[in-house]
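Have a look at the structure below, then the notes.
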Amino acid sequence: ISQNKLRRVLLRSELLKKSETLFSFADDNTRRAATSGHNKTVDWIVDTLSAYPEYYDVEIQPFTMPGGKAVFSANGQSLLADYMIYSPEGSVSAPLVLVDNIGCEPADFPAAVAGSIALIKRGTCTFGTKVALAGSAGAVGTIIYNNVVGRLADRTLEPQETHPEGPFQPAAGVSDAVGATLLSLLAAGPVTAALSIDLSDVTSYNVIAQTKGGDQNNVLHVGGHSDSVIDGPGINDNGSGSIALLEIAIQLTKYSVNNAIRFSWWSGEEQGEIGSYHYVDTLSPEELAKIRLYLNFDMIASPNFYYAIYDGDGSSFGTAGAPGSAEAEKLFEDFFQYEEGLPFASTAFDGRSDYGPFLEVGVPCGGLFTGAEQLKTEEEAVLFGGTAGVAYDVNYHSALDNVKNLNVGAFLHNAKAIAHSVATYGISWEG
């Protein structure tokens, strides 16, 4: 293997072709974990890699994740609601009471919340904090309405034990439009609401493929999630990372490696990194110690992109990864600067993707990112082009996260950067 060889065989046309294939799997315009669209994605990745039985050991790792359904009505009018992960089951009927401000402080909850269903606006604090505080105030249920356009599907409260503020009750999220309907009803007089949460676990799948060749005790682990949100097909988030990894895995079979390379496609990321947490939890300390570095690639073709590298040394955001993370950051910085002549920026380890479970157990981490819902700054627009004051990906978590909205140039440059890291560490850990 050599860096130049692996980079050169990556083609824009192949990345786009695989993006179209992935889009074709999105039944009902989604590839959410445990849907037919995601199951087709998993089958495709497995079938593709299984064509190289002499090169890879391929594992399909099933895991269970929470599933559920919310049924909600107000004054007898049925309204669309989405259950929140870690909500308890149950059916409640009670007055609907609007919470002051945004329900992030105990003082926001009026006395009337006791015995009622709390209506809270999204924002500032976590969903779990809002629901726990509502429970502390005596609410028998909580409805959180969106502060931006769209549903609140696939949102998590996080486990109850992480929220000592109060007990969870049946909780659901509704869109901004449903929120407006509820506010109008409340303005007209008392509202009686009914909320029912039914839970049932569902099964989804991680895919793990490791080279048979190379040092099996000094593994480079590269990964990204293969699932989308319920609201869209997820071709940038994270079809882009998934496809780059798959194309590199295919091309790598032409070469031998000195260190084993492990590729992973995680599921359940959009529900809180459930698949990658499951994977890390199944590894013994001895197996974890074999992972010299984990690199994560989640959203690498954002339309209003910037080239962001995870802040391994903590110099930009104050949160460093485990020893080895700084070296991974430097590898990508050198690649963009010296190999591609491109600018780059830093992005924080904020726990919003599948590196999180690895960081928590002390595995060195790194990776690349081209931005999500945050707005591009003036300085970044000068460096990277694009439009300041507009989100890196205006289609983030939406039905429009499709093939035509990918930035193919960013996609190709990042794929080459991933290939560079795979080849570099596949040759030697000396970099």
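Where a number appears in this text, it was derived from the coordinates with a stated rule and is not lab data. Everything numeric in this text was worked out from a predicted model, so none of it was measured. Cβ atoms come from the backbone with ideal geometry, glycine included; neighbour counts cover every protein chain shown.
Worth pointing out:
- Label zone (residue 338, point 7 Å along Cα-to-C-beta; backbone nitrogen cut-off 18 Å) within the range 291-331: 326-331.
- For the range 243-292 versus the range 96-116, the spacing of their alpha-carbon centroids is 44 Å.
- Look at where the Cα atoms of the range 302-373 and of the range 117-131 average out, and the two centres are 31 Å apart.
- Computed over the alpha-carbon pairs of the range 28-90, the distance histogram in 5 Å steps reads 3, 12, 15, 16, 14, 12, 9, 6, 5, 3, 2, 1, 0 percent, short to long.
- Kyte-Doolittle mean at least -1.0, axial Cα span of 24 Å or more - DSSP H helices of the chain: 408-427
- Proxy reagent accessibility, fewest Cβ within 10 Å first, across 429, 265: 429, 265
- By the helix-only formula, in which each DSSP H run with n ≥ 4 contributes -39500 (n - 2.57) and the sum is divided by residues, the chain has a 222 nm mean residue ellipticity of -8500 deg cm²/dmol.
- Evaluated with a Cβ-only charge set (Lys, Arg +1; Asp, Glu -1), the range 68-199 carries a dipole of roughly 280 debye about its Cα centre, given to the nearest 20.
- Divide the volume of the convex hull around the Cα atoms of the chain by the residue count and you get 137 Å³ per residue.
- The Cβ shell under 10 Å around residue 176 holds other residues with a net charge of +3, Lys and Arg each +1, Asp and Glu each -1.
- Here's the list of aspartates and glutamates a cross-link from residue 121 could span, going by alpha-carbon distance under 20 Å and ignoring same-chain residues fewer than 8 apart: 82, 100, 105, 108, 154, 158, 165, 176, 373.
- C-alpha center-to-center spacing [the range 1-68, the range 184-234] in angstrom: 16 Å
- For the range 68-199, the fraction of alpha-carbon pairs lying more than 27 Å apart is 5 percent, rounded to a whole number.
- Peptide ranges 174-183, 99-108, 237-246 listed from the most packed, as the mean C-beta count within 10 angstrom indicates: 237-246, 174-183, 99-108
- Cα-based shape type of the range 222-354, given that a ≥ b ≥ c are square roots of the gyration tensor eigenvalues and the cut on a/c is 1.5: rounded
- Contour excess over end-to-end distance, with Cα ends at residue 61 and residue 181 and 0.36 nm allotted per residue: 38.9 nm
- Simple rule: put +1 on each Lys or Arg Cβ and -1 on each Asp or Glu Cβ in the range 141-218, find the dipole, and look at 190, 169, 142; the Cα lying farthest toward the positive end is 190.
- Relative packing of peptides 389-395, 31-37, 335-341 - highest average C-beta neighbours within 10 Å first: 31-37, 389-395, 335-341
- Each DSSP beta bridge with both residues in the range 68-199 is either parallel or antiparallel, and the antiparallel ones are about 60%.
- Taking only the Cα atoms of the range 133-206, the radius of gyration and Dmax are 14.6, 50 Å.
- When peptides 76-84, 123-131, 185-193 are ranked by their average number of other Cβ atoms within 10 Å per residue, the highest-first order is 123-131, 76-84, 185-193.
- Taking a Cβ cut-off of under 12 Å around residue 7, the surrounding Lys, Arg, Asp and Glu residues balance to a net charge of 0, with basic ones at +1 and acidic ones at -1.
- Measuring against 25 Å, Cα to Cα, the residue pairs 40/69; 17/330; 290/330; 5/376; 40/130; 330/404 contain 17/330; 5/376; 40/130; 330/404 as the ones spanning a longer distance.
- Cβ-placed point charges (K, R +1; D, E -1), dipole of the chain about Cα centre in debye, nearest 20: 820 debye
- Against the rule of thumb 2.2 N^0.38 Å, how large the Cα Rg of the range 245-305 comes out: 1.36
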